[in-house]
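To keep things clear, I will list the structure first and then write my remarks on it.
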Amino acid sequence: MAEEIKAGCARPTGGLVGEEPPGDKPTEAKEEKKEVKSMIMIGRKAPDFMAPGYFQGKFINVHLSDYLGKWVLLCFYPGDFTFV
Amino acid sequence: MSIDSVFVHKMWVDHEISKMVKKGVPYPMLSDVGGKVGTAYGVFDDVAGVETRGRFIIDPDGVIQGYEVLTPPVGRNVSESIRQLQAFQHVRNSGGTEATPSGWRPGKLTLKPGPDLVGNVWKVWKTEMERD
């Protein structure tokens, strides 16, 4: 029988069976990855990206650079249906 | 933007958001399956596999003017985001000659940095002006 999980704001995700559970010591490879993690600095250019989107009944492709000349509020959130 | 697919975005709009916002979501809901964009912006939690609540203000030149990042259980304040956006727009429109003090809103006093203002901010700006 599958274990029931508590509903929270962070969406539970799958992973490989036998994978190290979260919270274990990071491996060297993981630490290396973290060094190149973020390219963000205020006063510097925002990294351009392309992403599929849903907008008023249609599926669209959006580039951040489509919005040059306009002010942009870019918001990230944990997931659809996550309460907050 | 979240790690959900565009199909899930559609279902969320159809089944829940449309019951809260009459005409649906007035901006594109973007999909970042795999978290590559969130990783570049430093907001992807690779242990939980989701994006945290990151919000970036990007100006017309594509420059990041500000950001705020919250952990999942606490929601943002939309009016504070709008206040910051209005302040950045005001500063930009002034050509960088004006600065907006703490708690500034449109119509409130701005500061014009220069030699005469050094040490004299207390004469023109009072702490109670921070509040609405």
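The values are calculated or read from the model by the stated rules, or taken from the named source; none is laboratory data. Note that this is a predicted model, so its numbers are computed, not measured. Note that we place each Cβ from the backbone using ideal geometry, even for glycine, and neighbour counts take in every protein chain shown. For the accessible areas, the whole protein counts, side chains as well, though only heavy atoms, and no ligand, DNA or RNA atoms are used. Shrake-Rupley method; radii C 1.70, N 1.55, O 1.52, S 1.80 Å.
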What accessible area per residue, rounded to a whole number of Å², is obtained for chain B using a probe radius of 1.4 Å?
56 Å²
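Using a probe radius of 1.4 Å on protein heavy atoms only, what is the accessible area buried between chains A and B, both sides summed, to the nearest 100 Å²?
On the way: alone 9260 and 9720 Å², together 14170 Å².
Using a 1.4 Å probe, the pair buries roughly 4800 Å².
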Report, to the nearest whole %, how much of the accessible area of the range B:76-132 belongs to carbon and sulfur atoms, 1.4 Å probe, protein only.
57 percent
Please give the net charge around residue B:102, taking every other residue with its beta carbon less than 13 angstrom from that of residue B:102, where Lys and Arg add +1 and Asp and Glu add -1.
+1
What nm value, rounded to one decimal, do you get for the distance between residue B:117 and residue A:58 when each label is placed 7 Å out toward the C-beta?
4.5 nm
Calculate the FRET efficiency for residue A:68 and residue B:20 from the Cβ-Cβ distance with a Förster distance of 41 Å, rounded to the nearest 0.05.
0.85
Residue B:70 versus residue A:3, label points 7 Å from Cα toward the beta carbon: distance in nm?
3.0 nm
Quick one: which residues, 5 or more positions from residue B:45 or on another chain, have an amide H under 5 Å from its amide H? H modelled 1.01 Å from N in the peptide plane, none for Pro or chain starts.
B:50, B:51, B:52
Using a simple charge model, +1 on the beta-carbon of Lys and Arg, -1 on the beta-carbon of Asp and Glu, nothing else, what dipole does the range B:75-119 show about its Cα centre, in debye to the nearest 20?
180 debye
